[in-house]
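To start, the structure under review is shown below, and the notes come after it.
The values are calculated or read from the model by the stated rules, or taken from the named source; none is laboratory data. Just so you know, these numbers come straight off a predicted model, no measurement behind them. Every residue, glycine as well, gets a Cβ built from its backbone with ideal geometry; the counts of neighbours run over all protein chains shown.
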Amino acid sequence: MDKGIVGIIDELAKEHILTEEKLQKLLLWQKKEEIEYLFECARAERERWYGKDVYIRGLIEFTNYCRNDCYYCGLRRSNSKAERYRLKYEEIIDCCRCGYDLGYRTFVLQGGEDYGYTKDMITELVSGIRRAYKDCAITLSFGEWEREAYEEWYMVGANRYLLRHETADCEHYSMLHPPQMSYENRMRCLKDLKEIGYQVGAGFMVGSPYQTTKHLVKDLMFLKKFSPHMVGIGPFISQKDTPFAEENNGALELTLKLLAILRLLLPKVLLPATTALGTIAPNGRQLGILAGANVVMPNLSPINVRKKYAIYDNKISSGEEAAEGKVRLEEQMESIGYKVVVDVGNSKMED
Ligand code: SAH
């Protein structure tokens with residue numbers, strides 16, 4: 001093995017920080033043997049805090065209406081080909097009930113920024129889920145809102161919010177989003193969420209258009225500093241009805257390398273092996289776990305809407321019932337020596 005790069009990996013594993021130059025060198029390193037060693041270090045760090053446990057979150061994609069127009073996303077408002085849907089209160093509660101019976105103890109409500117769901121309607125929804133499932137975490141993930149809205153939902157029982165920062169470089173941000181959206185407001189939201197007391201998830205796409213290694217270093221430095229409870233990363237995957245239809249997808253190897261680096265930078269962070277990772281490679285999620293990830297977020301949405309939540313092309317949507325999907329996931333995790341647990345799955349950061 002190359003002594004220089006092994007030294008860098010050892011330093012990262014020990015100090016949980018590296019200079020920008022060293023991070024850049026590690027990100028550019030391609031040779032298998034050293035990368036396998038990086039994964040080994042990441043697995044050891046993950047097992048120190050989370051053992052072989054895999055936390056699961058039940059994802060409910062409750063609306064695909066969106067007022068935004070992000071260039072990469074199939075839900076963007078200019079996509080007239082998207083078949084729009086919006087789940088009703090009762091349908092969402094049904095998804096939670098089904099998930100609870102299967103052993104899910106976190107529900108993630110994800111969606112576009114939908115004008116049809118007002119602040120008060122979300123408040124009612126969160127209150128309803130909180131009343132019915134006192135022992136569960138409620139995670140929200142539907143973009144940028146005013147601080148007052150975030151505060152109100154927290155008050156009625158939401159615990160977590162996922163809002164990827166998408167890129168920590170202001171100029172790159174403006175190449176992925178229309179002028180109406182801003183890096184400043186994204187960061188304002190993340191700051192508000194943290195101050196209010198949410199467990200916050202940030203993150204970015206790997207291989208998004210115009211992304212450079214320098215941008216990735218900036219993302220890693222931002223995440224180290226912001227220190228969120230969760231970091232969601234997955235490869236960019238083109239969607240045929242967006243301005244980025246012809247762009248290349250993000251690479252599996254780079255995504256895995258970034259997962260391992262994140263595990264060592266932020267040892268106790270919750271790190272999902274994302275659906276996008278499972279979409280670019282059939283065993284992508286297993287490989288993610290073996291690179292240091294410790295969370296998987298299976299889909300609890302009703303089968304008839306799953307295909308419509310097409311943020312990118314070929315999104316894995318097995319068509320199988322949530323129950324069958326969970327059994328298969330358990331088998332996949334067991335085959336690599338890990339175990340899906342019934343647990344609310346908090347980050348160990350505050351222990
Ligand atoms: N509207 C919400 C959440 C919906 S999308 C929000 O803004 O947070 C959730 C995440 O999917 C986004 O943050 C983005 O990083 C990712 N995503 C969107 N389009 C994608 C694509 N084409 N390929 C890969 N990931 C994508």
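I'm checking my understanding of the structure. Among residues of the range 123-146 that are touching a helix residue (DSSP H, G or I) at 6+ places or on another chain (Cβ under 9 Å) and under 18 Å from residue 228 (Cα atoms), which one is nearest to the ligand (Cβ to nearest atom)? Only one residue fits best here, namely 143. All conditions but one from (1) surrounded by 22 or more Cβ atoms within 10 Å (Cβ to Cβ); (2) part of a helix (DSSP H, G or I); (3) within 12 Å of the ligand (Cβ to nearest atom) apply to residue 220; the one that does not is (3). Scanning the range 264-280 for residues that are within 12 Å of the chain's Cα centre (by Cα) and in a helix (DSSP H, G or I) turns up 275, 276, 277. Checked against (1) away from the ligand (no atom under 16 Å from the Cβ); (2) of a type outside the set (Lys, Arg); (3) touching a Pro at 6+ places or on another chain (Cβ under 9 Å), residue 274 meets all criteria but (1).
The single residue among 106, 139, 123 that is assigned by TED's automatic domain parsing to the domain that holds residue 200, without any contact (Cβ under 8 Å) to a residue 60 or more places away in the chain and among the hydroxyl-bearing types (Ser, Thr, Tyr) turns out to be 123. When 247, 253 are checked against the criterion of being assigned by TED's automatic domain parsing to the domain that holds residue 222, in a loop (DSSP other than H, G, I, E, B) and surrounded by fewer than 19 Cβ atoms within 10 Å (Cβ to Cβ), a single residue qualifies: 247. The set of residues in the range 116-134 that are over 16 Å from residue 148 (Cα atoms) and hydrophobic (A, V, I, L, M, F, W, C) comprises 125, 129, 132. Which of (1) in contact with a strand residue (DSSP E or B) (Cβ under 6 Å, 6 or more places away or on another chain); (2) in a helix (DSSP H, G or I); (3) surrounded by fewer than 20 Cβ atoms within 10 Å (Cβ to Cβ) does residue 344 not meet, given it meets every other one? Every condition holds for residue 344 apart from (2).
Kindly establish whether residue 92 is more than 10 Å from the ligand (Cβ to nearest atom), surrounded by 15 or more Cβ atoms within 10 Å (Cβ to Cβ) and outside any helix (DSSP H, G or I).
no
Among the residues of the range 5-37, those identified as of a type in the set (Val, Ile, Thr) and crowded, with 17+ Cβ neighbours inside 10 Å are 5, 8, 9, 35.
Among the residues of the range 302-315, the ones that are surrounded by 16 or more Cβ atoms within 10 Å (Cβ to Cβ) and either modelled with pLDDT under 85 or not hydroxyl-bearing (Ser, Thr, Tyr) (or both) come to 7 in all.
Considering the range 51-63, the residues that are farther than 18 Å from residue 298 by Cβ and in contact (Cβ under 8 Å) with a residue 24 or more places away in the chain include one that is surrounded by the most Cβ atoms within 10 Å (Cβ to Cβ), namely 63. Consider the range 95-118 and keep the residues that are more than 19 Å from residue 201 (Cβ to Cβ) and in a loop (DSSP other than H, G, I, E, B). The one that is modelled with the lowest pLDDT is 115.
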